[in-house]
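Asker: Sharing a structure below in structure tokens format, with a few things to ask.
The values are calculated or read from the model by the stated rules, or taken from the named source; none is laboratory data. Model, not experiment: these values are computed from the prediction. Neighbour counts run over all protein chains shown; Cβ positions are idealised from the backbone, glycine included. Remember, those area values only see protein heavy atoms, side chains included, never the ligands or the DNA or RNA. Shrake-Rupley method; radii C 1.70, N 1.55, O 1.52, S 1.80 Å.
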Amino acid sequence: MALRREIVDAKLRAMLATAALPPAAPGLDDLRLAEPLASGDDELGKLDELFAATERAMNAVTEKLLPAPLLAARRVNLALDHVQAGATLTDVMRAVPSELCWAGDFDRVLFSRVEESSWVPATWYTTDPGSAATVAFGQLVHGSRFTLSNGSIEAEIVRRRVTALVTDAAEETRTFPPLLSVAECQSYIVAPVVSGEAVVGLLHADAAASGRRLAEADRVTLRAFADGVGLILERMALVEALAKQRHLIADALAAAERAVAAIADAPVSLAPRPPEPIATSHRAEEPLAHDGLTAREREVFALLVSGATNAAIADRLTVSETTVKSHVKHILRKMHVGNRAEAIAKYLRDGNNLGVSR
């Protein structure tokens, strides 16, 4: 079956007619296709050639059908989709410069982090990697940290959160001289990358390799891209924070589950157990020699030393809590101490020789 290029040509020109563009509109020379293709021995090669010609023609038609601002917005959206595909912050930062070069037709893009009062070059991309200017630029920004000095364009951008277009770098007094000395560009753009409430980065872009002077449309493109990058970084920070919260909640639920399991597995006791007395050199029921205490007071004091509360002592001796409080008061007075803790400390220090008088 014969494949004819004029068929493709006719379809593309029909699209132009629908868009109300005259056939002689400037820039449509790319649609002039070669002689018709006929079937032959190398039909696969002819198919490849036809596909390539069609691709070039479709690109030309697309650029004519889409107004320049709409086409730029479409390219920015596609570039941001590629940036957002990064799984980590490092992936995103690496993708930003090259994607912005493609989206805005720039020749060089530098992405820097803003850290306190400095901007730190992180990643960059150029369409002219072999030039001497590129080598010098790379040597300047590699491992560098530049101060956001008062009066500089970068400091003003961080403070006001605006995108600046420098149309004549040689005449602009607020530029960063070390950067311009190696960048060799007449015009460039700087935009802030805002995430949340803070400026976290800066984007520098120029078209020095091609010699194209940047215009207001380039500033709009860069600002739209920078805003998109800021939203991507904000989303990544939110996802990371949610992941941390998810882990914390999972740990808390696991701890609660272990605690409930421990309570459920514990043996059931129908009667409260009195506290175990601490080890002493004598039995609690034995009198303390030369202590000046009555037999009942010695019983109370032995339980008191073991750590029992007034209520526990009353339960153990089958008396009222008021009675226990009275015994404790007499014990403290006879031992010449002010409280239970002092009485226990004195007992542990002096043993059964407390020197208590009636």
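Asker: Within the stretch 222-238, can you find the residues that are open to solvent by 20 Å² or more (accessible area, probe 1.4 Å) and over 14 Å from the mean Cα position of the chain (by Cα)?
Answerer: Those that are open to solvent by 20 Å² or more (accessible area, probe 1.4 Å) and over 14 Å from the mean Cα position of the chain (by Cα): 223, 224, 227.
Asker: Collect the residues in the stretch 169-192 that are open to solvent by less than 70 Å² (accessible area, probe 1.4 Å), assigned to a loop (DSSP other than H, G, I, E, B) and not polar (S, T, N, Q), keeping them in residue-number order.
Answerer: 169, 172, 176, 185
Asker: If a residue must be surrounded by 15 or more Cβ atoms within 10 Å (Cβ to Cβ), free of Cβ contacts under 8 Å to residues at least 40 places away in the same chain and outside any loop (DSSP other than H, G, I, E, B), how many such residues does the stretch 124-163 contain?
Answerer: Matching residues across the stretch 124-163 total 8.
Asker: Ok, one more. For the stretch 218-255, how many residues meet the condition of being without any contact (Cβ under 8 Å) to a residue 24 or more places away in the chain and acidic (Asp, Glu)?
Answerer: 2
Asker: Hey, can you tell me all the residues within the stretch 75-123 that are in a strand (DSSP E or B), open to solvent by 30 Å² or more (accessible area, probe 1.4 Å) and either more than 25 Å from residue 197 (Cα to Cα) or basic (Lys, Arg) (or both)?
Answerer: Selection gives 113 alone.
Asker: Taking the stretch 193-214 on its own, how many of its residues are in contact (Cβ under 8 Å) with a residue 40 or more places away in the chain, open to solvent by 20 Å² or more (accessible area, probe 1.4 Å), farther than 19 Å from residue 137 by Cα and in a loop (DSSP other than H, G, I, E, B)?
Answerer: 2
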